[in-house]
Amino acid sequence: MKTWRWLPVFIGALLILGGIFLLLGNLNIIDIGALFWSILLALVGVFFVMVFLQDRRQWWGLIPGVTLLSVALLLFLEEIVPGGSVDWGGVIVPGGIGLSFLLIYAANREQWWAIIPGGVMVSISLMILLQEYLQDPAQVGVFFLGLGLTFIALTTVTTKQGKMKWPWIPGGILLVMGFMFLMFGTAESLFPYLGAVALIVFGIFLLWRATRRTQQ
């Protein structure tokens, strides 16, 4: 593959750039901080993205590529933006990892499995982003809602066997659990009822499927 032919050149350029920055830092000409590592990680991330762009079959390159770019963005923001109450590391990095999996699916619709880890990581990112504004039960609710929507999204995927129906079961249960955590005050008081609610939702789903089959 053409990209791998350029790998020694890319690594050599990174070593030269790193050596120059270290030399200037030791001479107290510049201050080597997070900005340097941000640039370095961004360059490595771009390389992995290029691996994918050169050959779409190398979808794995998106995972380290986008992840490293998200870490580089985090270091850059921490360097230029004063720290706040939001845990941006917990937002940007999981979000970047989730984005890499969603891009894998966007590039090749046969890789539908990537929706699941992508949705999980994006849900974690949203939960951490909103933790400053929501109580603990509501944070858990946001996470469960994200997971539920992830599985529901799978029902829109068309495979060789047709559209998938099994994701409705975990998706529906997770959505109900998410709404319960959002609506009620304490998560601990909900645990005795979660099993009962899950059984009810599953029973409704089975009745719905049986009704559809008799109508057909």
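Every number in this text was worked out from the coordinates using simple rules, so none of it is lab data. It should be emphasised that the depicted structure is a prediction, and the values quoted were computed from it without experimental measurement. Neighbour counts run over all protein chains shown; Cβ positions are idealised from the backbone, glycine included.
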Requested in this report: Return LYS160, LYS165 ranked ascending by Cβ neighbour count within 10 Å, so the fewest neighbours appear first.
Outcome: LYS160, LYS165
Report task. Report the label-to-label distance for ALA13 and ILE204 in nanometres (one decimal), using points 7 Å from each Cα along the Cα→Cβ vector. Result -> 5.7 nm
Report summary line: Expected sort for GLU78, GLU110 with the fewest Cβ neighbours (10 Å cutoff) up front is GLU110, GLU78
Report task. Loop only per DSSP, at most 16 neighbouring Cβ atoms within 10 Å: give me the chymotrypsin sites (Phe, Trp or Tyr not before Pro) in region 97-193, ordered by residue number. Result -> TYR133, PHE184
Query raised in the report: Sorted by packing (mean other beta-carbon atoms within 10 Å per residue), highest first, where do 59-65, 152-158 land?
Result: 59-65, 152-158
